[in-house]
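Working notes, structure below.
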Amino acid sequence: MNDKRIYITQQDFERLKEIIKDMISRQGIDRRSLDELEHSFSSRDESGLIKEVRRIKNSRSDTEWERIEELGAELDRSTIVESDKLPQDIVTMNSKVCLKDMDTGKDEIYQVVYPEDADIEQNRISILAPIGTAILGYKVGDVIEWRVPAGLRRLKIKKILYQPEAAKDYHL
């Protein structure tokens, strides 16, 4: 992700902000639950279980906070555009896109969806997945680069196969 301005509808912006709020709230609840569990085990001298709870707590919170921060950063640099004025070559929520992996030359097709609609077997990727967050708001021809554990991933937005706003599907 970089400093390039991205485009998003007001409806998607509001819904994604709500997802971030829910994640932050859930993160706090999960952390408190794990803190209580850790305390419970320590009072019974269960050192192996305490270590496991701490490992889960630390790894889980890092991943959750990373996703929250990435999505928040994307939204912070977004420009809100009315649904009927959004260019048809922009990746929006529920858009189906063809991406070209710049390193392998292979095409990949994904649909960017809200977390509850994600299904990797149908190539429906959550906005909270790194690739979902990375492509939101970009347009055909843009190359997106971001760090993954294996190095740098570079994808070019080759084609928008379906964009709800272009199809006037505003109810999604």
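Against the definition (closer than 22 Å to residue 21 by Cβ, under 16 Å from the mean Cα position of the chain (by Cα) and without any contact (Cβ under 8 Å) to a residue 12 or more places away in the chain), how does residue 70 come out, yes or no? It would help to see each step written out before you state the result.
Working: closer than 22 Å to residue 21 by Cβ: yes; under 16 Å from the mean Cα position of the chain (by Cα): yes; without any contact (Cβ under 8 Å) to a residue 12 or more places away in the chain: no.
So residue 70 fails the test.
Among the residues of the range 127-146, the ones that are touching a Lys or Arg at 6+ places or on another chain (Cβ under 9 Å) and outside any loop (DSSP other than H, G, I, E, B) come to 8 in all.
Residue-wise test of (1) in contact with a helix residue (DSSP H, G or I) (Cβ under 8 Å, 6 or more places away or on another chain); (2) in a helix (DSSP H, G or I); (3) modelled with pLDDT of 90 or more.
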position	(1), (2), (3)
20	yes, yes, no
40	no, yes, no
45	no, no, no
49	yes, yes, no
55	no, yes, no
71	yes, yes, no
79	no, no, no
92	yes, no, yes
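If you go through the range 107-164 and keep only what is within 15 Å of the chain's Cα centre (by Cα), within 24 Å of residue 84 (Cα to Cα) and of a type in the set (A, V, I, L, M, F, W, C), you end up with 112, 113, 127, 134, 135, 136. Scan the range 81-90 for residues that are in a helix (DSSP H, G or I) and either touching a residue at least 60 places away in the same chain (Cβ under 8 Å) or crowded, with 17+ Cβ neighbours inside 10 Å (or both) and jot them down. Passing the criteria: 83, 84.
Would you be able to say whether some residue in the range 113-122 is outside any strand (DSSP E or B) and over 25 Å from residue 18 (Cβ atoms)? Walk me through it before giving the result.
Initially, the range 113-122 is screened for residues outside any strand (DSSP E or B), giving 114-118, 120-122.
After this cut, where a residue has to be over 25 Å from residue 18 (Cβ atoms) as well, the list is 121.
Yes; the residues of the range 113-122 include at least one that is outside any strand (DSSP E or B) and over 25 Å from residue 18 (Cβ atoms).
Given the criteria among the basic types (Lys, Arg), under 25 Å from residue 131 (Cα atoms) and modelled with pLDDT of 55 or more, does residue 60 qualify?
Criteria not met by residue 60.
Among the residues of the range 96-112, is any part of a loop (DSSP other than H, G, I, E, B), closer than 17 Å to residue 20 by Cα, out of contact with any Cys (no Cβ under 6 Å at 6 or more places or on another chain) and of a type outside the set (Val, Ile, Thr)?
Narrowing the range 96-112 to residues part of a loop (DSSP other than H, G, I, E, B): 102-106.
Still in the list and also closer than 17 Å to residue 20 by Cα: none.
Taking every residue of the range 96-112 in turn, none turns out to be part of a loop (DSSP other than H, G, I, E, B), closer than 17 Å to residue 20 by Cα, out of contact with any Cys (no Cβ under 6 Å at 6 or more places or on another chain) and of a type outside the set (Val, Ile, Thr).
The values are calculated or read from the model by the stated rules, or taken from the named source; none is laboratory data. No experiment lies behind these values; they were computed from the predicted model shown. Because the Cβ atoms are built from the backbone with ideal geometry, glycine has one as well, and the counts that use them run over all protein chains shown.
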